[in-house]
């Protein structure tokens, strides 16, 4: 399991500052809230994944600002990604192995997560995903596992990225799979909720359920009983993003993690450089 | 006056982590102390320079670790700088304007401050200082002011860098100036104390006094009455480093600030890019 590291502490604050600036222009309020985030960090449990602490932090920020700071930027990134969708769809359709291409594009889309926290190069990420080796590439196992199972639980990560997930989900459906896409139960940072699933057109192509939680990643005991049941009974899980990796790695489920390692702490734990692309089986 | 910015908060933690790792290998103690640093940051006064908060933070870290985390690394940087001294001395001696060259090298030496907090390229900094324009260059005023005044108060910044200061102080002495070099009253991060003045050979060439304080920069009301008197009566102050700039900018004294802007907050305030070199009059 990935655990909170001292190096996460400054990063918690950096992310909080970004949220605060998106959420309010009132500098006094920004200061008050950032100081209250310091209290959350004091309570950080270093035996748990960073996603636990960030969940508490961003819940507090939303409460104190009184709104979701990411609402607008999420819509914006959905629009950016949707504008790329037709050309990406055509790349998948022309591919000799659409599953490979769909999976690579789904990993490419995970770069949008950086976009909110730093500058983002979506085109560069797409090129890299399609033309370079992944740092960890369990594609053969992924393909094999998919042929063996018919029901796929697909844990979506961020807004924007969700459009890239649609490409992979469409490939899975064309392979005859039944896909259930999972979004967050309520807003947390730039994570996709049911509104984003609508905007990205995911609701038109497969079942979409929410996990009943505002936690970053997938913290099972914070999720709704119905999601816990769905997760327990799932045959195969596709898990997007670092937050889901942090919170689900070590699980006994058959999971394939598709993501880019976005921070030094997790990358070091994996023995990889920051920004590495992974298709990693549990 | 430079004031604490929200972006300083993550940076306070980053600097604390570096201090903690230098000071103890006990990870439990590192965690406990870092969490207590969070309390200091909660008390940060955003109407004052960041140096105030960092003073409290590093005082607390030293108390809780029970020693000065920077003792060894300071000596190391003094040795590195002393190994460069003969060749730098020869550059000054061969220069057609030794004052210009000495000032540039004193600014170059300020990069050693980064060295403890990031990777450092001393040779690169020397080349840049000798061969590129400064971002702010009040050298002509500096030269003129020096010809008019005979007593110079020289506020030293860091260990290692102090050897570069020696080069400039030697030029000043050769111009017939009476120089009083000022070091910190007791250890604080990598700032020079009387031990460093001994190691760098400053005590052999001019008067050295300490400011009676463990504050970062020069916080006058935290300094000893005798230093306050010396400062008040000084004719001309040469101030090294960003900490001294943060705490003394806006002073009514005639001060020349020689430093590299080492963080985004201060650089932005100055309208410069991070890492800019300055010889700036007050």
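The values are calculated or read from the model by the stated rules, or taken from the named source; none is laboratory data. Predicted model, so just to flag it, every value in this text is computed and none were measured. Cβ placement follows ideal geometry from the backbone for every residue including glycine, while neighbour counts extend to all protein chains displayed.
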Review point. Do we find a residue being farther than 22 Å from residue A:56 by Cβ, surrounded by fewer than 21 Cβ atoms within 10 Å (Cβ to Cβ) and either in the same structural domain as residue A:106 (by TED's automatic domain parsing) or in contact (Cβ under 8 Å) with a residue 12 or more places away in the chain (or both) anywhere in segment A:212-224?
Key: no
Review point. Of the conditions (1) crowded, with 21+ Cβ neighbours inside 10 Å; (2) assigned to a loop (DSSP other than H, G, I, E, B), residue A:133 fails just one. Which one is it?
Key: (1)
Review point. With respect to residue B:238, is the statement that it is out of contact with any helix residue (DSSP H, G or I) (no Cβ under 7 Å at 6 or more places or on another chain) and surrounded by fewer than 19 Cβ atoms within 10 Å (Cβ to Cβ) true?
Key: no
Review point. So which residues in segment B:69-88 are in contact (Cβ under 8 Å) with a residue 60 or more places away in the chain and closer than 13 Å to residue B:126 by Cβ?
Key: B:80, B:81, B:84, B:85, B:88
Practice item. Within segment A:236-246, identify whether any single residue is assigned by TED's automatic domain parsing to the domain that holds residue A:169, closer than 18 Å to residue A:137 by Cβ and without any contact (Cβ under 8 Å) to a residue 40 or more places away in the chain, and answer yes or no. Key: no
Revision key, fill the gap. Residue count, segment A:52-67, condition within 19 Å of the chain's Cα centre (by Cα) and closer than 15 Å to residue A:19 by Cβ, comes to 7
Study note, to complete from the structure: Filtering segment A:89-113 down to residues that are free of Cβ contacts under 8 Å to residues at least 60 places away in the same chain and not in a helix (DSSP H, G or I) yields A:95, A:96, A:97
Review point. Mind checking which residues of segment B:13-50 are under 27 Å from residue B:249 (Cα atoms), part of a helix (DSSP H, G or I) and within 8 Å of chain A (Cβ to nearest Cβ)?
Key: B:13, B:14, B:41, B:42
Review point. On the given criteria, is residue A:123 within 17 Å of the chain's Cα centre (by Cα) and either within 14 Å of another protein chain (Cβ to nearest Cβ) or surrounded by fewer than 17 Cβ atoms within 10 Å (Cβ to Cβ) (or both)?
Key: no
